[in-house]
Structures are given as structure tokens and as C-alpha cells.
1. Report Rg (one decimal) and Dmax (nearest whole number) for the range 3-123, counting Cα atoms only, units Å.
2. What residues have an amide H closer than 5 Å to that of residue 18, excluding those fewer than 5 places away on the same chain, when H is modeled at 1.01 Å from N in the peptide plane?
3. Counting other Cβ atoms within 10 Å, which GluC sites (Glu not before Pro) in the range 244-296 have at most 14 and lie in a DSSP loop?
4. I'd like the trypsin sites (Lys or Arg not before Pro) in the range 198-233 restricted to DSSP loop residues with at most 10 other Cβ atoms within 10 Å, sorted by number.
5. Based on DSSP H runs of at least 4 residues, each adding -39500 (n - 2.57), what is the mean residue ellipticity at 222 nm of the chain after dividing by all its residues, to the nearest 500 deg cm²/dmol?
6. Using a 10 angstrom cutoff on alpha carbons, build the Gaussian network for the chain and name the most mobile of 220, 188, 154.
7. Under the Karplus relation 6.51 cos²θ - 1.76 cosθ + 1.60, θ = phi - 60°, what is the ordered set of whole-Hz ³J(HN,Hα) values for the range 150-155, x standing for Gly and Pro?
8. Residue 248's amide H: which non-local residues (gap 5+, or another chain) put their own amide H closer than 5 Å, with H modeled 1.01 Å from N in plane and none for Pro or chain starts?
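Read-outs throughout are calculated quantities, based only on the coordinates presented, and are distinct from any laboratory measurement. Computed from a prediction, not measured in an experiment: that's the story for all the values here. Cβ atoms come from the backbone with ideal geometry, glycine included; neighbour counts cover every protein chain shown.
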Amino acid sequence: MSDFCCPAQLGYIGLEVSDPERWQSFATGILGLGVESTDEMLYLRMDDYAWRICLSRGSRDDLCLLGWEMRDAAALEALAARLTAKGIAVRRGDRDALNRRLVVDLIEFEDPNGIKSEAYCGPLIDRANPFRSPRQMSSFVTGDLGFGHITMTVDSLDRSLAFYRDVLGLRISDWVRPQPERGVESHVNLAFLRCNGRHHSLAFMEMKLPRRLHHFMLQVESIDDVGQTLYLCEDRQIPIELTLGRHTNDGMLSFYMQTPSGFSVEYGWGAREVDEATWTTQLHTNGSSWGHRHPA
Ligand code: FE
């Protein structure tokens, strides 16, 4: 299968949040993101892109949008044709949608879990006004790798694989699976999918939780940012969901904090990147080689 239609990166996400005001101070003061607000939206910035995360007010406190960046207009058209051929309804983004997202072109569709999804090309890159974090920190690892990653629950693992792997063209980096025969009792069966050198842009598991979104991940350039942010959480009483640890598969050194919406942010450093020439799909028993414990 040609991967011409495969997205180049997970470029942006949208979150519906019940307390945008608290989110604004959390995003700037703890995460170190820039914020720009309009009447309806908060736009969070972390690099040259005009924005990477948009927050809209609502009661769901969950993921409400995935934005897949295509290399160019031809790749966007090819994806639109492929979705249509698979019987998935595609809508062309109107002038309002393009203005809201600040992109050249855009299509809209739904994933098998009913998550509003978009593929776009030509995002606004604002180098005339370089990103500076409101916090003292290095910078975020983004660029070709996209904004970060998300881990979410899906209704059916098979249907989500059929969509994300077989239609969108993402590749499976590895699996974390329970292996009771090896003494590992866990109910988690996680698939990790990539579209570029980032080990995964999307991970999912078949599970019913109150929310679709388990966490989104932001990767920083310096390990000091992880340490400083961990202590900042302690100082400001931001609940830690999982303590400092190292993931088995992407090698990320990270911890998880609770957001004002209840789902988590993984704040990490030092992940390995996939070399397409040599990577083979792997199986892991545990998600972490050490740490990532639930705090007492
Ligand atoms: Fe993660």
C-alpha cells in the first residue's frame, strides 16, 4: 500500500473543557504553552505553528478534535478520495473552517468512535512572531514529529485498526499486551501507531472509561524541564497521576499530571525515534521499565 495518503503528522487536537479560565493558567503556568484567545476558543501554542491545541467551552471535558496534517494539497485530495472510496463521509471545510483553523485547505470526517477528525494542508507558521514560553524552559519537541501524542479509548480495537491503519495509513510501532502466562496481569491491550519518526502519534485501547481521552503528551528538549515541572506541580498542588518513569517502547522519561478536565498530560523527554528502514513491530509486557506508579 502506498503511504501517499498517510498523514505527515498529528498537527493539532481540540479539547472541550468546562473551565477554560483554569485551563488558561494551567497551560501557561504549568505546561509552559502560549495562549491566544478569541470569543469562542483558546488557542495554545508551543512552536512556530500559530496553534497546536484549541480549547472550546463545554461540559464534556474530553477530546473533541483530531487534526492530521497532509504533506500537500495532492496528498489531501488522495486521502479524501480514499475515505470516500471506503464509504466514509467527507466534507470540504468552508471558508469559516479554514479561518478558524488557519490552514490553506481542510476536509472533515469522523473516526469510527465518532471523534470529529480533520485532515488539512498548509498550516499557518508564524515565524515573524517566534514562540516564547511564558515559563523559563527549553522548548518543545515538535516540527516534523507533530504536536505530541494522544492515548484514547476506542469502542472496538478492530474497527479502529481498520480505520487508522488500513484507511488512514498509520503504521503500528508496537503493542503493550497483558500476558498472564508471564505473570503479568493487566487488562490493557494497547496499540501504538505512528505516521512519522515519532514512535506514536496515537495509541488506543478498547475500554469503557468516562472519557475518550486518557492523556496527551508534550515532549520537551531538556530533562530539566521535566524535573522542574514535576516540582512546579508539587508547589502548586497539581495532582500527579503517574510518578516519574521510563516507558518500555518509546523510551520516554516522563510523569503524568492531572489537567483541570480530569484527563492527564504526560510531560516527557528523551523518546527514541523510529527509523523506518530498520524498525520492526514489537510486543511489550509492561508499559514502563521503571516508575510510572500511582502515587500513594
Ligand atoms: Fe503517552
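1. Cα only, the range 3-123: 14.8, 46 Å (Rg, Dmax).
2. Answer set, sorted by chain and number: 58, 61.
3. In loop regions of the range 244-296 (DSSP not H, G, I, E or B), the sparsely surrounded GluC sites (Glu not before Pro) are 276.
4. 208
5. Mean residue ellipticity at 222 nm (helix-derived): -4500 deg cm²/dmol.
6. 188
7. Running phi through 6.51 cos²θ - 1.76 cosθ + 1.60 with θ = phi - 60° gives 10, 10, 9, 8, 10, 6 Hz.
8. Those lying under 5 Å, H to H, from residue 248 are 288, 289.
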